1. Short version: ³J(HN,Hα) in whole Hz for each residue of the stretch A:250-266, in order, from phi by Karplus 6.51 cos²θ - 1.76 cosθ + 1.60 (θ = phi - 60°), x for Gly and Pro, what are they?
2. Placing unit charges on C-beta atoms (Lys and Arg positive, Asp and Glu negative, everything else neutral), compute the dipole magnitude of the stretch B:5-355 about its Cα centre in debye, rounded to 20.
3. How many percent of DSSP beta bridges within the stretch A:5-355 run antiparallel, rounded to 5?
4. For the stretch B:130-181, give the magnitude of the charge dipole about the Cα centre (Cβ charges: +1 Lys/Arg, -1 Asp/Glu; no others), in debye to the nearest 20.
5. Would you mind classifying the stretch A:54-177 by shape? Square roots of the alpha carbon gyration tensor eigenvalues, ordered a ≥ b ≥ c; an a/c under 1.5 is rounded, otherwise it is prolate if a/b is larger than b/c and oblate if not.
6. Provide an ascending nm list, one decimal, of label-point separations from B:V97 to the equivalent residue in each further copy; define each label point as 7 Å from Cα along Cα→Cβ.
7. Name the lysines eligible as straight-distance cross-link partners of B:K138: C-alpha to C-alpha under 16 Å, and not fewer than 8 places from it in the same chain.
8. At 7 Å along the Cα-to-beta-carbon direction for both A:Q119 and A:Q346, put a label point, then send me their distance in nm to one decimal.
Number of protein chains: 2
Amino acid sequence: MFENDFTRRLNIQFPIIQAPMAGGPTTAELVAEVSNAGGLGSLGAAYLKPEKLRNTIQEIRQLTELPFGVNLFVPEEAAESPDIIEQMTSHLNKYRVELGIKENPPIDSASESFDEQIQVLLDESIPVVSFTFGIPPKEVIQALKDQGTTVIGTATTVEEAKQLELAGADAIVAQGSEAGGHRGSFLKNAADSLVGTMALVPQIVDQVSVPVIASGGIMDGRGLVASLALGAVAVQMGTAFLASVKSGAHPIYKKTLLSANEDTTVVTRAYSGKPARGIQTTFIKEMEQYAGAIPAFPIQNAMTRDIRQAAAQSNNPEYMSLWAGQGLRLASEHPAAAIIKQTISQAHALVESRFRTKD
Amino acid sequence: MFENDFTRRLNIQFPIIQAPMAGGPTTAELVAEVSNAGGLGSLGAAYLKPEKLRNTIQEIRQLTELPFGVNLFVPEEAAESPDIIEQMTSHLNKYRVELGIKENPPIDSASESFDEQIQVLLDESIPVVSFTFGIPPKEVIQALKDQGTTVIGTATTVEEAKQLELAGADAIVAQGSEAGGHRGSFLKNAADSLVGTMALVPQIVDQVSVPVIASGGIMDGRGLVASLALGAVAVQMGTAFLASVKSGAHPIYKKTLLSANEDTTVVTRAYSGKPARGIQTTFIKEMEQYAGAIPAFPIQNAMTRDIRQAAAQSNNPEYMSLWAGQGLRLASEHPAAAIIKQTISQAHALVESRFRTKD
């Protein structure tokens, strides 16, 4: 029931992709655990420098011989006027005072080189590479495909999906509005449209011929079966694994997640400059009152980094970015392997009881 | 497969409720057609005066002997300062000039009496009565239940669902963020949370013991099967029927809907004072630039009524309220009965091909 052309192509047992959550949660251990449990583990590598990326990939390979994925952000030119940066710096300095960090650390926003990251992925011949925030250069897609990598793009509207297909993506993640973390939107206005998974998946399925992976709000066997019914070949689940044992999310992040409700997330540009869904915090609320402009991604992301790190060190969730999707009442602190096992057995039982009885 | 305790209780063949779309779309003909086709037709009666409500119910009964539903809005106290009203009046007057209607028509915001509407429903002994915008008074729920009416509430968060269950609702519509028209939210901050159907339904199902009806983004057999997988006993579909033959939606509204995409809707307070999802229009965009406060529902709704009506008369969709959900690429201009038939046959075929094969 859960085997299809896509799972066969990826050589995975179950149509479950663990979402690549950049910034810490997707440790080598988590990625390998998911792959060993029959899903596809994914490393959120957007913020990893090339050497760290290479080391983590090798670490994953010591823990599993099974396929896994790596996700990168497609870079874009970002420049902000000195005025906007100066104004944001002075807004952020109050957090630095409060957290006891020295003011105005150097902004290291261009530290990750996309080209170098891609070279590592080519050197290491990664089975699956997915992209967020747009369409990578043609040569990059071709080089990856030439060595047998399955290339996956992320779409939040039908038009984005069509453009990704045209560019050569082998499969498309349809990211519904429920999804935690950054919106993958890259076309004008797409980030504002926030189309829910139930509406997005079938509309994309109808308009592209490549396989579609459902994401956003999928937390268990019910979400898996629902997504397959909508026409997806697989699901991508992030929040479901975020509080799992081997997730690298900070303990206070996990704790906040496990006690939060479905109505406590918001989509905000406060932390990174790009819209992302996370649990409401003081930092977000105060940024809503901020009169100036928020610098573009990745500048804002680099400008808030020291604050997020210091907040994590002092166990203060209110200044941390607590990315989470809207299904968070269903998050689990169990091991990822147990979450996959439970998802599959729930899906089987559900199909048996709901859909295999006589009419 | 599609029969369950809930369909048996309502005495309907298929677990499909046509959403009560107030303000015109749900004609007696549409309601009766849906019921005759095996679903549950619903009259969106919120804006109907008692006599009109009674007449429409009798009209429905001449067209079908099968059960149907009626939906009302739970009223709330609304008062706005004369300043806010005056400022909005002057913003709206430019549309009146453009549309050739005389300025400052009397505001008729208290024209519908909830108590009288309820009395009609009691007199007429309606099989199913649903409520939007909150919890009706205890006596109202009790009086309806005493005469055998199934009472349905609308929830946009788990907490709203719990409160509706506690108040005695027999079933709950879980309204996901994809849904067109007014958000049913009634608790503080709930309207802002915009939880998608994929995330909302299972979380509500886990927290209440009454049956849950999925709504928001459900347009066809795929959405029906997905909703049942999420734990819903039935679906409520609105946009799916909005452009159907007997829908009373204005021809230009239907035409706009059928050519619109999934990313062209927004949630706005511009027309009624309460958040509702509809296709982006000039009226909405211009209201976003409006510096003052938008009067509360139903005052704003009454204040914009003459403009919406005059715009409809002059076939100008830009000043009309074009409520629609995010699934709108899948909307159909076929008869409602054909839409139901197609939904059911698609759902059967889907279950057969996806979920009845051997593992």
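Here, each number is a calculation from the coordinates, and none is a lab measurement. What you see is a predicted model, and the numbers here were worked out from it, not measured in a lab. Cβ sites come from the backbone with ideal geometry, for glycine too, and all protein chains shown count toward neighbours.
1. So the Karplus estimates, Gly and Pro as x, are 4, x, 6, 5, 4, 5, 4, 4, 6, 10, 8, 10, 5, 9, 9, 9, 9 Hz.
2. Working: 27 positive and 37 negative charges, 152 e Å.
Magnitude of the dipole: close to 740 debye.
3. Here the antiparallel bridges make up roughly 20 percent for the stretch A:5-355.
4. On the way: 3 positive and 7 negative charges, 16 e Å.
That gives the stretch B:130-181 a dipole magnitude of about 80 debye.
5. On the way: a/c = 2.41, a/b = 1.63, b/c = 1.48.
Judged from the Cα gyration tensor, the stretch A:54-177 comes out prolate (a/c at least 1.5, a/b above b/c).
6. Spelled out, the distances from B:V97's label point are 5.0 nm.
7. Cα-Cα hits under 16 Å: B:K162.
8. Calculated label separation equals 4.5 nm.
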